[in-house]
Amino acid sequence: KEKDIGTFSKALYRCCSFFFSGLLIRWQTSAPRVRTLSSSNSFSQNIPSGLWKLGRLNHVAIAVPDLEKAQSLYKDVLGAQVSETVALPEHGVYTVFVELGNTKLELLHPLGDRSPIASFLQKNKTGGMHHICIEVDDIKAAMTELKKKKIRILSEEPKIGAHGKPVIFLHPKDCHGVLVELEQA
Ligand SMILES: C[C@@H](C(=O)O)C(=O)SCCNC(=O)CCNC(=O)[C@H](O)C(C)(C)COP(=O)(O)OP(=O)(O)OC[C@H]1O[C@@H](n2cnc3c(N)ncnc32)[C@H](O)[C@@H]1OP(=O)(O)O
């Protein structure tokens with residue numbers, strides 16, 4: 001009888017180790033991380049210190065077919081602080097900025113025949129999110145490194161953007177479907 005109990009315990013032990021080591025391997029390899037209520041944050045601590053750094057979200061741009069209506073929505077209906085309309089012919093857009101405290105919205109409307117947002121509005125008749133703009137501390141270094149990484153930059157040189165600072169745009173097909181603007185902080 002004692003022999004039976006010994007054999008049973010060994011079998012149980014093998015079973016458990018097999019089960020838990022299997023679980024450990026799955027957890028280490030394929031399982032997405034599950035967020036727990038711990039104080040550690042979810043950003044990698046091992047980011048190599050490069051020549052340039054990504055900063056704050058400067059704005060989210062929304063292309064709109066009717067600028068006055070969009071301005072009125074944010075100002076009169078939603079109660080935000082909204083700027084005057086500014087024409088930026090070198091970018092082919094009219095812009096209105098909506099102040100949100102932690103970031104801004106940029107309402108965009110086409111200006112001129114060759115506006116880069118005309119075809120976007122043809123595909124998205126009621127308007128839609130056009131791009132996000134993130135600040136960088138060194139736009140030239142960013143360009144050099146991104147070119148090496150085969151990310152398409154949509155102009156040879158930075159242009160002066162809506163805030164009077166150099167900006168570049170990265171092709172949406174190289175950024176998971178989102179047009180990304182980088183602005184010198
Ligand atoms: C003042 C300044 C500032 O904030 O400082 C601004 O805002 S200036 C804001 C306006 N300036 C810019 O947008 C400058 C950078 N943009 C560009 O160079 C262009 O608009 C491109 C992004 C390259 C799109 O060029 P274009 O309209 O000629 O090409 P396309 O219509 O054939 O589009 C090629 C593919 O990209 C997609 N695509 C086009 N625009 C997109 C967008 N905004 N977000 C995500 N995907 C987009 C199309 O659906 C299409 O995908 P499928 O092939 O799958 O259908």
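Among what's in the range 108-126 and is near the ligand (Cβ under 10 Å from one of its atoms) and in a strand (DSSP E or B), pick the residue that is surrounded by the most Cβ atoms within 10 Å (Cβ to Cβ). The qualifying residue surrounded by the most Cβ atoms within 10 Å (Cβ to Cβ) is LEU108. Determine if the range 128-150 includes at least one residue that is closer than 20 Å to ALA87 by Cβ and touching an Asp or Glu at 6+ places or on another chain (Cβ under 6 Å). Yes, the range 128-150 has at least one match. Among the residues making up the range 136-185, those that are of a type in the set (A, V, I, L, M), in contact (Cβ under 8 Å) with a residue 40 or more places away in the chain and open to solvent by 50 Å² or more (accessible area, probe 1.4 Å) are ILE160, ALA185. Might you check whether a residue that is part of a helix (DSSP H, G or I) and either among the aliphatic types (A, V, I, L, M) or near the ligand (Cβ under 9 Å from one of its atoms) (or both) occurs anywhere in the range 80-99? Scanning the range 80-99 turns up no residue that is part of a helix (DSSP H, G or I) and either among the aliphatic types (A, V, I, L, M) or near the ligand (Cβ under 9 Å from one of its atoms) (or both).
Take the conditions (1) open to solvent by less than 40 Å² (accessible area, probe 1.4 Å); (2) at pLDDT 95 or above; SER83 misses just one of them, which is (1).
Does ASP76 count as among the charged types (D, E, K, R), under 23 Å from the mean Cα position of the chain (by Cα) and either modelled with pLDDT of 95 or more or open to solvent by 90 Å² or more (accessible area, probe 1.4 Å) (or both)? No; evaluated as a whole, the condition is false for this residue. Restricting GLU156, GLU145, GLU181 to those that are closer than 16 Å to LYS53 by Cβ and among the acidic types (Asp, Glu) reduces the list to GLU145.
All conditions but one from (1) assigned to a loop (DSSP other than H, G, I, E, B); (2) within 16 Å of the ligand (Cβ to nearest atom) apply to ASN102; the one that does not is (2).
Against the list (1) surrounded by 13 or more Cβ atoms within 10 Å (Cβ to Cβ); (2) in a helix (DSSP H, G or I); (3) within 11 Å of the ligand (Cβ to nearest atom), the condition CYS133 fails is (2). Within the range 154-185, the set of residues being on the phi > 0 side of the Ramachandran plot and more than 9 Å from the ligand (Cβ to nearest atom) comprises GLY164, HIS176.
The values are calculated or read from the model by the stated rules, or taken from the named source; none is laboratory data. This one's a predicted model, so the numbers in the text were calculated from it and none came from an experiment. Glycine gets a Cβ as well: all are built from the backbone with ideal geometry, and neighbour counts include every protein chain shown. These accessible areas exclude ligands, DNA and RNA; they are computed on the full protein's heavy atoms, side chains included. Shrake-Rupley method; radii C 1.70, N 1.55, O 1.52, S 1.80 Å.
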